[in-house]
Amino acid sequence: MAEVKVLGTWSSPFSRRVELALKLKGVEYEFIDEDLSNKSHDLLQYNPVHKKIPVLVHNGKPVAESLVILEYIDETWAHGPSILPKDPHDRAMARFWARFIDETCMPAFWKACLSSGEEQVKGREETERVLKFLDSQLQGKKFFGGDSIGLVDIAATFVAYWLVIVTELMGIELMTRDKFPNLCEWIDEYVNSSFVKETLPDRDKLAERIRNRFLNTSAAAK
Ligand SMILES: N[C@@H](CCC(=O)N[C@@H](CS)C(=O)NCC(=O)O)C(=O)O
């Protein structure tokens, strides 16, 4: 029997991606909750370059970086639902949008939340601009992956859950149905899909963590 471990933290959207993919494929795994203020020897050894979670360890071999891990899971456990589409162009597009979430949407969103003054205004405008692209990707579709959950849906878990909680905590009106009708509909569908629902962290516990970790400082900056 293959040994599958996930080194992660319960509150990280990146490590939840890995858990979502394993659950989607029906792969059993052991979750090791890392203390990032005191990283384990295993984490430093398995991801010496970035020293970050998540790391998937499959039969003793580590794979780091959540989007890379998702592709590894899809290829290794090829049975069951596919995470990436089969068509090469669709695959390329899925990779494009998954990277867009990490490299463009997340930085814009954190700038909107964690900066102040003019920077914060710019961050909010930028976040709305980039989320509109995601919204238009969902036109006429249930999920980014079409009828079923795929790479971009899993990558966008941050938008469906973390972003919504952070904006509620900060009192920012961002994810509204008039601005992002398709994204709002997708969020309802996605977070209520059975395996997603059971994999997401408890809402109140996560809100508490986010409040303590990020928002005390930004409240001071407001
Ligand atoms: N690009 C990485 C990002 C992972 C990441 O940012 N992990 C954070 C926790 S959410 C981390 O390990 N931080 C520890 C550190 O920066 O020292 C991925 O997709 O896996």
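The values are calculated or read from the model by the stated rules, or taken from the named source; none is laboratory data. Being a predicted model, the structure only gives us computed values, none of them experimental. As a convention, Cβ positions derive from the backbone with ideal geometry for all residues, glycine included, and neighbour counts pool all protein chains shown. Keep in mind that these areas ignore ligands, DNA and RNA; they rest on the heavy atoms of the full protein, side chains included. Shrake-Rupley method; radii C 1.70, N 1.55, O 1.52, S 1.80 Å.
Relative to the Cα centre, the charge distribution of the stretch 4-76, modelled as +1 at Lys and Arg Cβ and -1 at Asp and Glu Cβ, gives a dipole magnitude of about 120 debye.
For the chain, the relative contact order is 20 percent, taking Cα pairs closer than 8 Å that sit 6 or more residues apart in sequence and dividing their mean separation by the residue count. Determine the relative contact order of the stretch 104-222: mean sequence separation of Cα pairs under 8 Å and six or more apart, normalised by residue count, in whole percent. Dividing the mean separation by the residue count of the stretch 104-222 yields 28 percent. The smallest convex shape that holds all Cα atoms of the stretch 120-222, its convex hull, gives 100 Å³ per residue. Assuming charge only on the beta carbon of Lys and Arg (+1) and of Asp and Glu (-1), the dipole of the stretch 88-221 about its Cα centre is about 240 debye to the nearest 20.
With every protein chain in place and a 1.4 angstrom probe, the accessible-area ranking of Glu118, Glu3, largest first, reads Glu118, Glu3.
In the frame of its principal axes, the stretch 74-178 has Cα extents of 49, 24, 22 Å, reported largest first.
Sorting His50, His89 on solvent-accessible area from highest to lowest, probe radius 1.4 Å, gives His89, His50. The calculated 222 nm mean residue ellipticity attributable to helices in the chain amounts to -15500 deg cm²/dmol, summing -39500 (n - 2.57) over DSSP H runs of n ≥ 4 and dividing by all residues. Simple point charges give the picture: +1 on the Cβ of Lys and Arg, -1 on the Cβ of Asp and Glu, and for the stretch 152-222 a dipole about the Cα centre of about 400 debye. Counting only protein heavy atoms and a 1.4 Å probe, the stretch 88-221 has 51 square angstrom of accessible area per residue. For the stretch 4-76, with all protein chains in place and a probe radius of 1.4 Å, 50% of the accessible heavy-atom surface sits on carbon or sulfur. Placing unit charges on the Cβ atoms of the charged side chains and taking the dipole of the chain about its Cα centre, the candidate lying farthest along the positive direction among Thr127, His58, Ile165 is Thr127. Here, P(r) means the percent of Cα pairs in each 10 Å bin from 0 to the largest distance; for the stretch 1-156 it is 10, 35, 33, 19, 3, 0.
When you filter the trypsin sites (Lys or Arg not before Pro) in the stretch 58-99 for DSSP loop state and at most 12 other Cβ atoms inside 10 Å of their Cβ, you are left with Lys86. Note on the stretch 166-189 and the stretch 66-136: Cα centroid distance 16 Å, given to the nearest whole angstrom. Here Asp35 sits with roughly 80 square angstrom of accessible surface, probe radius 1.4 Å. When the surface is traced with a 1.4 Å probe over the full set of protein chains, Met93 keeps roughly 80 Å² accessible. Expressed per residue, the C-alpha convex hull volume of the stretch 4-76 stands at 79 Å³.
What is the stretch 109-150 by shape, rounded, prolate or oblate, if you read a ≥ b ≥ c off the alpha carbon gyration tensor as root eigenvalues and call it rounded for a/c under 1.5, prolate for a/b larger than b/c, and oblate otherwise? In terms of gyration-tensor shape, prolate.
Run the accessible area of the stretch 95-222 with a 1.4 Å probe and give the carbon-and-sulfur part as a rounded percent.
48 percent
Placing unit charges on each Cβ (+1 for Lys and Arg, -1 for Asp and Glu) gives the chain a dipole about its Cα centre, and among Pro81, Ser136, Phe31 the Cα reaching farthest toward its positive end belongs to Ser136. Sorted largest first by accessible area at a 1.4 angstrom probe radius, with every protein chain in place, the residues Lys142, Lys52, Lys39 fall in the order Lys52, Lys142, Lys39. Across the stretch 4-76, the relative contact order, built from alpha-carbon pairs under 8 Å that are at least six residues apart, equals 38 percent.
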